[in-house]
Amino acid sequence: MPLLNKLRTSVPGGSGGHPAERSLTRLRTALTLFFALDGFLFAGWVVRIPAIKQQTGASAGDLGLALLGVSAGAVVTMTLTGRLCRRFGSHPVTVASAVLLSLSIALPPLTHSALALGLVLLVFGTGYGGINVAMNSAAVDLVAALRRPVMPSFHAAFSLGGMVGAGLGGLVAGGLSPTAHLLGLTVAGLVLTAVAGPVLLRHPSPATPEAVPAEGRAPGGRLDGRSRRLVTVFGVIALCTAYGEGALADWGALHLEQDLHTHPGVAAAGYSVFALTMTAGRLSGTAMLERLGQTRTLVAGGATAATGMLLGALAPTVWLALLGFAVTGLGLANIFPVAVARAGAVAGPAGVAAASTLGYGGMLLGPPTIGFLADWFSLPVALTTVAVLAGGAALIGYAARDATATGRRP
């Protein structure tokens with residue numbers, strides 16, 4: 001406990017001096033590396049899915065069922081990781097999840113049937129879900145200790161890691177087998193964990209679970225009714241954002257190629273433009289939050305994303321559609337980090353777990369929903385639902401502008 005108190009009081013403006021400030025800086029660097037590792041490993045797996053499909057001989061339907069293993073493992077683990085973080089601390093759980101994620105990414109190329117693939121993807125999803133909740137919980141505590149809204153910078157690292165992982169995977173796909181490639185990712189993940197993990201293990205979280213407002217918890221550590229409702233609100237905001245990410249990842253290129261008749265190479269650039277502007281938006285997110293505050297950032301982001309997606313879905317030309325995708329990425333960039341941070345401020349790791357689970361559910365819900373709506377109406381009309389949900393996130397964020405666990409203004 002003395003170390004925890006020292007960390008909490010030695011941030012700029014406190015009386016603890018420079019050693020604790022350096023400790024917080026090291027923690028921030030280590031956590032940033034774990035966020036980047038998460039995006040890097042997941043993107044590396046995604047780019048090898050076609051090769052794994054061919055190796056296992058799975059049909060499109062069988063592959064879809066196997067891929068549900070990632071989702072099932074992640075969602076189930078996310079609901080449990082909050083409890084693990086409260087019991088063991090978010091730092092050890094982050095390190096353990098990173099080890100599991102790194103080891104499990106080498107398993108898919110070793111399978112030769114859709115059933116075996118689905119089973120190993122359950123393990124991969126467990127690591128992915130665990131690290132997402134644990135590192136976000138650790139980041140919420142660190143943001144509170146730093147007293148600066150730096151949450152978007154962590155998610156920018158995730159986006160950058162994903163871009164590097166996808167780019168590297170594309171470069172080596174022609175020369176390396178999936179087994180060699182994903183085994184290389186395992187080695188890289190374990191090396192980075194060995195470098196950054198000890199920093200987390202040596203330094204306890206700068207904010208203890210007791211730092212979560214006691215009035216937000218019922219006896220026994222359970223959330224009271226108001227806190228549970230607030231966490232659900234922020235989780236729905238995260239869902240609205242993740243819905244758009246999932247929809248554009250799976251359907252953006254097809255819209256450009258099928259509806260606007262562009263070259264496949266240009267169509268492939270659609271998601272890249274979206275991901276690039278989302279990364280840029282997250283890199284500037286801390287400055288935006290310091291200038292505008294959480295509510296204005298949520299509202300402005302949702303409104304911007306809604307406008308951009310309407311343009312991207314309904315534009316008559318490819319270049320206007322690409323502009324719309326770029327604007328959408330800027331708008332969505334900081335909504336998820338802010339929503340998760342606010343859920344964590346209300347309810348600690350349990351809040352992060354609940355909001356992350358809802359958000360991940362939105363990423364799962366988006367692609368199939370777009371597919372069904374495209375069959376019933378058209379793909380451009382289906383993509384406008386991204387704009388509708390982004391606008392909804394803005395409205396919900398504004399309605400929850402004064403929300404705290406106790407009902408008092410923050």
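Ligands, DNA and RNA aside, C240 has an accessible area near 10 Å² when probed at 1.4 Å. Out of region 318-410, which chymotrypsin sites (Phe, Trp or Tyr not before Pro) are coil in DSSP terms and have no more than 15 other C-beta atoms within 10 Å? Filter output for region 318-410: F377. Span-like helix check, the chain: qualifying full DSSP H segments, with Cα axial length of 15 Å or more and mean Kyte-Doolittle of 1.0 or more, are 90-104, 114-146, 151-172, 178-202, 318-332, 335-376, 379-399. Projected label points at W319 and T369, each 7 Å from Cα along the beta carbon direction, are separated by 3.3 nanometres. To put it simply, the accessible area of region 150-196 at a 1.4 Å probe is 82 percent carbon and sulfur. One quarter of the convex hull surface built on the alpha carbon atoms of region 168-208 amounts to 4.1 nm², the projected area averaged over directions.
Note on the chain: with charges restricted to the Cβ of Lys and Arg (+1) and Asp and Glu (-1), its dipole about the Cα centre is near 1540 debye. Mean residue ellipticity at 222 nm, helices only, the chain: -27500 deg cm²/dmol; runs of at least 4 DSSP H residues each add -39,500 (n - 2.57), and the sum is divided by the number of residues.
Largest mean-square fluctuation among G162, G351, G371, in a Gaussian network model of the chain whose springs join Cα atoms under 10 Å apart, belongs to G371. Given axes a ≥ b ≥ c from the Cα gyration tensor, I'd like to know whether region 25-69 is rounded (a/c under 1.5), prolate (a/b larger than b/c) or oblate. Since a/c reaches 1.5 and a/b is larger than b/c, the shape of region 25-69 is classed as prolate.
Ranked from largest, the principal axis spans of the Cα set of region 18-115 equal 58, 25, 17 Å. Taking every protein chain into account, the accessible area of the chain amounts to 42 square angstrom per residue (probe 1.4 Å). Of the solvent-accessible surface of region 316-410, computed with a 1.4 Å probe and all protein chains present, 73% belongs to carbon and sulfur.
For the options G175, G312, G324, a Gaussian network treatment of the chain with springs between C-alpha atoms closer than 10 Å singles out G175 as fluctuating the most.
The values are calculated or read from the model by the stated rules, or taken from the named source; none is laboratory data. Note that this is a predicted model, so its numbers are computed, not measured. Every residue, glycine among them, receives a Cβ derived from its backbone with ideal geometry; neighbour counts consider all protein chains shown. Heads up: the accessible areas ignore ligands, DNA and RNA and are worked out on the full protein's heavy atoms, side chains in. Shrake-Rupley method; radii C 1.70, N 1.55, O 1.52, S 1.80 Å.
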